[in-house]
Amino acid sequence: MSINFIDLKAQYQHLKPAIDARIQTVLDHGQYIMGPEVAELERQLADFVGVKHAIGVSDGTTALLIALMALGIRAGDEVITTPFTFIATGEMIALLGARPVFVDIDPQTYNLDPALLEAAITPRTRAIMPVSLYGQCADFDAINAVAERHGLPVIEDGAQSFGAVYRGRRSGALSTIGTTSFFPSKPLGCYGDGGACFTDDDALALKMRQIRIHGQDRRYHHPQIGINGRIDTLQAAILLAKLPSFADELAARERIGARYSALLGDAVRVPVVSDGANSVYAQYTIEVDAREAVQASLKEAGVPTAVHYPVPLNLQPAFADLKQPAGSFPHAEAASRRVMSLPMHPFLDEATQDAIVAAVKRALG
């Protein structure tokens, strides 16, 4: 049995005529940087998310950096976030000379626990940056309520949750600035790196548009420091080809995720989706004991797995200076030892899914 963890080839074959036509259009007009497809994509993304402004950027990590820069985060500031995430979340805070302040997760959803926010806020706190992990949005009503009481902006790291809905609103439209990634394996992915920032704030949108092109407001005039953070035209074109079928793919992801949970719920800890929310299952993640042994058994059966994330940020060597040793964030650290993701993509058929479930149950003994 040979199973793909994510099947981008099947998606391409399904969308081949549209993708090829979009790429050919770019090759024909030759505007590879900030071509017309970028503005077209931004309009469609803004409409889909339900915000005034979408700003296409080079990748999801750069989206976080641009959002932080637009809010004026600088050396000596503190930004509250979660330790249970990819390093980019904390990395971009530290890159600006600010200090990431971690708070533990809700062990049910793996997202930042809003009940812990108040205790983490200090006079140096300048923003809160929750992560919408594994495809489910964090509890933004509760997070925004705390932020509003303290006059703090909120940035959503929605690298894994594009398309998800929280209480009637899309990921990206839930906070001061939303961000996402279009890395190929994401729910909506291009064929390289890509990302976007979202906001309803006109002034912040203008800043982010300028920051992504070296702080430029017109040619060779730079009112602020920026970076080279543009999305390229070919990636925008590929995303435009994928957007018309994205709703169908989201429905398939939800269906496949629900079926996994129904089949595995009696054997392992399956994802918990909060009331009023859904998950786009960027990863379908379970918890197991003896994870390495289970992974080895599944590998032998031809079932690929992945771990997102085996080391929480407080235990990463890059953040040793924060002096937050093992035991500082018990829920995040426990999850990092137990989580394991199974194959998940919109083209996963029931027969293959049944084989995966059977292999998981055998591996668990």
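For region 295-305, a residue qualifies if it is of a type outside the set (V, I, T) and surrounded by 15 or more Cβ atoms within 10 Å (Cβ to Cβ), and the qualifying residues are Q295, S297, L298, A301, P304.
For region 135-152, taking the residues that are out of contact with any Phe, Trp or Tyr (no Cβ under 6 Å at 6 or more places or on another chain), touching a residue at least 12 places away in the same chain (Cβ under 8 Å) and not hydrophobic (A, V, I, L, M, F, W, C), the one that is surrounded by the most Cβ atoms within 10 Å (Cβ to Cβ) is identified as Q136.
The strands (runs of 3 or more DSSP E) located wholly in region 104-211 that include 2 or more residues which are of a type in the set (A, V, I, L, M, F, W, C) and closer than 18 Å to M69 by Cβ occupy 125-129, 195-199. Against the definition (assigned to a helix (DSSP H, G or I), surrounded by fewer than 21 Cβ atoms within 10 Å (Cβ to Cβ) and touching a strand residue (DSSP E or B) at 6+ places or on another chain (Cβ under 7 Å)), how does A94 come out, yes or no? So A94 passes the test.
Would region 201-217 turn up any residue that is closer than 17 Å to Q44 by Cα and under 19 Å from the mean Cα position of the chain (by Cα)?
No; the residues of region 201-217 include none that is closer than 17 Å to Q44 by Cα and under 19 Å from the mean Cα position of the chain (by Cα).
Every residue, every condition in (1) touching a strand residue (DSSP E or B) at 6+ places or on another chain (Cβ under 6 Å); (2) buried (at least 16 other Cβ atoms within 10 Å of the Cβ); (3) assigned by TED's automatic domain parsing to the domain that holds L348, yes or no:
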{"site": "L239", "(1), (2), (3)": "no, yes, no"}
{"site": "R253", "(1), (2), (3)": "no, yes, yes"}
{"site": "I256", "(1), (2), (3)": "no, yes, yes"}
{"site": "A262", "(1), (2), (3)": "no, no, yes"}
{"site": "G265", "(1), (2), (3)": "no, no, yes"}
{"site": "V268", "(1), (2), (3)": "yes, yes, yes"}
{"site": "D275", "(1), (2), (3)": "no, no, yes"}
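Residues of region 306-329 that are out of contact with any Pro (no Cβ under 7 Å at 6 or more places or on another chain), in a loop (DSSP other than H, G, I, E, B) and surrounded by 11 or more Cβ atoms within 10 Å (Cβ to Cβ): V307, H308, Y309, P310, V311, Q316, Q324, S328. Annotation note: Cβ proximity below 7 Å between a residue of region 158-181 that is without any contact (Cβ under 8 Å) to a residue 12 or more places away in the chain and a residue that is part of a loop (DSSP other than H, G, I, E, B) and not hydroxyl-bearing (S, T, Y) (sequence gap 6+ or interchain) occurs for no pair. Going through (1) over 26 Å from K16 (Cα atoms); (2) of a type outside the set (K, R); (3) under 16 Å from the mean Cα position of the chain (by Cα) one by one, Q160 falls short only on (1). Considering region 331-365, the residues that are in contact with an Asp or Glu (Cβ under 7 Å, 6 or more places away or on another chain) and in a helix (DSSP H, G or I) include one that is surrounded by the most Cβ atoms within 10 Å (Cβ to Cβ), namely A332.
The set of residues from region 41-83 being in a helix (DSSP H, G or I) and exposed (fewer than 14 other Cβ atoms within 10 Å of the Cβ) comprises R43, D47. The set of residues in region 278-294 being surrounded by fewer than 19 Cβ atoms within 10 Å (Cβ to Cβ) and either among the aromatic types (F, W, Y) or in a strand (DSSP E or B) (or both) consists of E287 alone.
Being farther than 21 Å from H150 by Cβ and out of contact with any Lys or Arg (no Cβ under 6 Å at 6 or more places or on another chain) is not true of T89. Restricted to region 335-363, and to residues there that are touching a strand residue (DSSP E or B) at 6+ places or on another chain (Cβ under 9 Å) and β-branched (V, I, T), the residue that is nearest to G135 (Cα to Cα) is V339.
Working carefully through the options D20, D77, D7, find the one that is more than 26 Å from D200 (Cα to Cα) and more than 23 Å from the chain's Cα centre (by Cα).
Going through D20, D77, D7 in turn, just one is more than 26 Å from D200 (Cα to Cα) and more than 23 Å from the chain's Cα centre (by Cα): D20.
Would you call G163 in contact with a helix residue (DSSP H, G or I) (Cβ under 6 Å, 6 or more places away or on another chain) and within 30 Å of I256 (Cα to Cα)? In short, yes.
For region 313-329, the count of residues that are among the aliphatic types (A, V, I, L, M) and within 21 Å of A138 (Cβ to Cβ) is nonzero.
Do we find a residue being more than 21 Å from D349 (Cβ to Cβ) and in a loop (DSSP other than H, G, I, E, B) anywhere in region 229-248? Within region 229-248 (the criterion being more than 21 Å from D349 (Cβ to Cβ) and in a loop (DSSP other than H, G, I, E, B)), the answer is yes, since at least one residue qualifies. Got a sec? Which of M34, M1 is at pLDDT below 95, touching a helix residue (DSSP H, G or I) at 6+ places or on another chain (Cβ under 8 Å) and of a type outside the set (V, I, T)? Just a single option satisfies the conditions, and that option is M1.
The values are calculated or read from the model by the stated rules, or taken from the named source; none is laboratory data. Quick caveat, the model's predicted, so the values are computed rather than measured. Don't worry about glycine lacking a Cβ; one is built from the backbone with ideal geometry, like all the others, and counts go over all protein chains shown.
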